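> Below is a structure I'd like to ask you about.
Where a number appears in this text, it was derived from the coordinates with a stated rule and is not lab data. All of these numbers come straight from a predicted model, not from anything done at the bench. Neighbour counts run over all protein chains shown; Cβ positions are idealised from the backbone, glycine included.
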Amino acid sequence: MDKFGFKNSIFYQDSRFTGFRKIGEIQGKAERSGESRSLMDGLIISVALVNDLKLVTRNVKDMRASGVKILNPWDD
């Protein structure tokens, strides 16, 4: 992992529950707009948003509406 610059880069929910509040906002927004999003996707998105990270995924379709910055390295 170090060759990619990820050494010691574990992101988690903080003690102020900022990420958990963000999950609530994300899930609520998705439900109000008629989307369904898994709790795990909400957790992944919230960690990225709270830590101002770019989410690296090929699952762009399910993540795009969340407002998170996305990088799809499999895209041409």
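> How much length, in nm to one decimal, is gained on full extension between K61 and L39, taken as 0.36 nm per residue of separation minus their Cα-Cα distance?
Between K61 and L39, full extension yields 6.3 nm more.
> Follow-up. If the chain between T18 and N72 were fully stretched, how many nm would it gain, using 0.36 nm times the residue separation less the Cα-Cα distance?
Here the segment from T18 to N72 would lengthen by 16.8 nm.
> For segment 32-72, run through the trypsin sites (Lys or Arg not before Pro) and keep only the ones in DSSP coil with at most 13 other Cβ atoms within 10 Å of their Cβ.
Listed in order of number, the matching sites are R58.
> Also, I was wondering about something else. For segment 17-71, with only Lys/Arg (+1) and Asp/Glu (-1) charged at the beta-carbon, what is the dipole magnitude about the Cα centre, in debye rounded to 20?
With Lys and Arg at +1 and Asp and Glu at -1, about 140 debye.
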